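Colleague: This is the structure I have questions about; it appears just below.
The values are calculated or read from the model by the stated rules, or taken from the named source; none is laboratory data. Source: prediction; values computed, not measured. Virtual Cβ from ideal backbone geometry, glycine too; neighbours counted across all protein chains shown.
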Amino acid sequence: YINFFFDREEFARHVVSEVCEIKDRYGMTEEFKGTRALIESPAVNPSKPWHIGHARNAILGDTLANILETVGCEVVRIDYINDLGLQIAQLTWKIMHDDLHLEDVSEKMDHFLGHLYVEVQKIAENDSDAENEIREITRRLEDLNSEEAKRSAEMVTLCLKAQCQTAYRLGIYKNYQIWESSIAHSGLLQTAKDLMLQAENILMLTKGEKKGCIVANLAAIEEFKDMKDPHKVLFRSDGTRTYTGADVAFQMWKFGIIKDPFHYGVFEEQANGEDVYRTALDGSDRTLGRFDIVYNVIASAQAHPQKLIYTILDLLGHHEQSLNSHHVAYEFVGLEDEDFSGRKGTWIGYSTDDVLDKATELAKEEVAKRNPDESNEFKEIVGAKVGIGAVRYFMLKASPDRKITFRWEEALDFNGDAAPYLQYSFARAQRILEKAKMEPGGSVNLTLLSSEAEFALVKAISKFPEEILEVVRGLKKDVWGTSFSSNRIAGYCYELATLFSKFYDSCPVLKAEPTTKAARLELVSAFRITMGNCLRVLGIPVVERM
């Protein structure tokens, strides 16, 4: 062991001056510069609104992307759109059966379809004719020229645009949408099949129940060698893909093992002014793929299927790509007595929109109490930022491997370990600097920052870059998936706000003697910069006045 002691005055001078000099770049490093990372999230079926569990997925994916960008990665954010699944077929059947005209719907489209989906489930459970008709529609969706495919495409587009509005409220934006129908018609699966068959442990069986199927021989892997049937089907004897086969092919595309077969067109301009592109049969060539590392944000219940995908990738000879395939796992968000279910409709009243509406309304009430003379516009804008921050922080402060039981009173707690407390600390620092009627800087004796409260705050500020790096270095595979300690940054942010509050209570700033005042103003500025950068990493809106 080595015992050493800081020269507190010199340490404070170095930390505070560095933060105030580089400002918004504080915390940013280039340790992972040159690494191209792909993040897929949240892949919600375009048949319903996001419930609060989907929001956890989306917020985790967005925060991971922010963190990776902070350490120098080039990050591309994609969303997988399953526009050919059973849920889509069921809704298409209902729309055509009832001759519904979606252009006449006044309700937000994802909510309308979510309610409709609950109705379809009740019908399909008791009506075998309806079930058979839905099965036929599932088949006809593969034909892009069919009436069913056209009606389905209209429905999916409208639903997806509605879901995007929810994402934008949370400050979540994408670069690309990869549609399942594009995968089905791009030649990607055939190319993947041909490449798979070149591998030693990918076989086409010639006898038995799986005769004619293309399978992965898992017996070649120590973990699976004692399985009674080690042959995992990738493509059925009729040529159709299984979920595993399609997922392996998709993973191969992400790494550039398969050349990008897609064309891309603009889906829409997002609320941040940037276009999000979608795969299409016609459009521009953008040559996506060839990523160094891939993160799939998917519930921990999918740990085995995800592990299987990466194992088969290794069987194909792509060892490095298998190692760099990460399942960012998280536990579900549930009600006190059951999980959310689109089929049962237990999301009703707990959609992300519902939660954001209520959070914003409660935040506006609190902002109005604190600022009775402010305009309604001010209360609306600040209330929305505080409400959104409360929801995002609620999802991030718990470790992803912990199940969250959703309770309004906990999610919307505006005191203590919650986003409004963090936002208020930033606003308080901003207000101090404004009241000082001077910009920090110039000739300041920072060695005066030597009290316990000042040193504790300086030390916490100095940790920010390393906290970010440690989260990235800690992205390692576990049995249940890749660990992502989003809660570490959330906890750091809370600790920083708490130490600032202690500093503010014990160290007068505006009433201090001039040289001490100047030094403490510089420390307040360093805190404001660090807290602002930390909030941006977490995707929590910065509020200058509350």
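Colleague: When you scan the stretch 347-399, how many residues do you find that are assigned to a loop (DSSP other than H, G, I, E, B) and within 20 Å of the chain's Cα centre (by Cα)?
Modeller: Residues that pass the stated criteria total 5.
Colleague: Could I ask something else about it? When the stretch 194-205 is examined, which residues are found to be touching a residue at least 40 places away in the same chain (Cβ under 8 Å) and surrounded by fewer than 19 Cβ atoms within 10 Å (Cβ to Cβ)?
Modeller: 195, 199, 201
Colleague: Please work out which residue is nearest to residue 194 (Cα to Cα), limiting yourself to the stretch 246-283 and to residues that are among the aliphatic types (A, V, I, L, M) and under 19 Å from the mean Cα position of the chain (by Cα).
Modeller: 276
Per-residue answers, yes or no, for (1) part of a helix (DSSP H, G or I); (2) more than 29 Å from the chain's Cα centre (by Cα); (3) buried (at least 17 other Cβ atoms within 10 Å of the Cβ):
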{"site": "89", "(1), (2), (3)": "yes, no, yes"}
{"site": "93", "(1), (2), (3)": "yes, yes, yes"}
{"site": "103", "(1), (2), (3)": "yes, yes, no"}
{"site": "114", "(1), (2), (3)": "yes, no, yes"}
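Colleague: So, residue 477, is that one modelled with pLDDT under 95, more than 27 Å from the chain's Cα centre (by Cα) and either surrounded by fewer than 21 Cβ atoms within 10 Å (Cβ to Cβ) or small (Gly, Ala, Ser) (or both) or not?
Modeller: The answer is no for residue 477.
Colleague: How many residues, within the stretch 473-496, are among the basic types (Lys, Arg) and touching a residue at least 12 places away in the same chain (Cβ under 8 Å)?
Modeller: So the count comes out to 2.
Colleague: Taking helices (runs of 4 or more DSSP H) that fall entirely within the stretch 230-338, which contain at least 1 residues that are in the same structural domain as residue 196 (by TED's automatic domain parsing)?
Modeller: 243-254
Colleague: State whether the residues of the stretch 228-243 include one that is among the aromatic types (Phe, Trp, Tyr), within 24 Å of residue 271 (Cβ to Cβ) and either surrounded by fewer than 16 Cβ atoms within 10 Å (Cβ to Cβ) or out of contact with any helix residue (DSSP H, G or I) (no Cβ under 6 Å at 6 or more places or on another chain) (or both). Steps first, please.
Modeller: Step one: of the stretch 228-243, the residues among the aromatic types (Phe, Trp, Tyr) are 235, 243.
Now narrow it down to the ones that are within 24 Å of residue 271 (Cβ to Cβ): none.
Among the residues of the stretch 228-243, not one is among the aromatic types (Phe, Trp, Tyr), within 24 Å of residue 271 (Cβ to Cβ) and either surrounded by fewer than 16 Cβ atoms within 10 Å (Cβ to Cβ) or out of contact with any helix residue (DSSP H, G or I) (no Cβ under 6 Å at 6 or more places or on another chain) (or both), which makes the answer no.
Colleague: Something else about it: Checking residue 58 against (1) free of Cβ contacts under 8 Å to residues at least 60 places away in the same chain; (2) of a type in the set (A, V, I, L, M, F, W, C); (3) closer than 28 Å to residue 275 by Cβ: exactly one of these is not met. Which one?
Modeller: With respect to (1) free of Cβ contacts under 8 Å to residues at least 60 places away in the same chain; (2) of a type in the set (A, V, I, L, M, F, W, C); (3) closer than 28 Å to residue 275 by Cβ, residue 58 is out only on (1).
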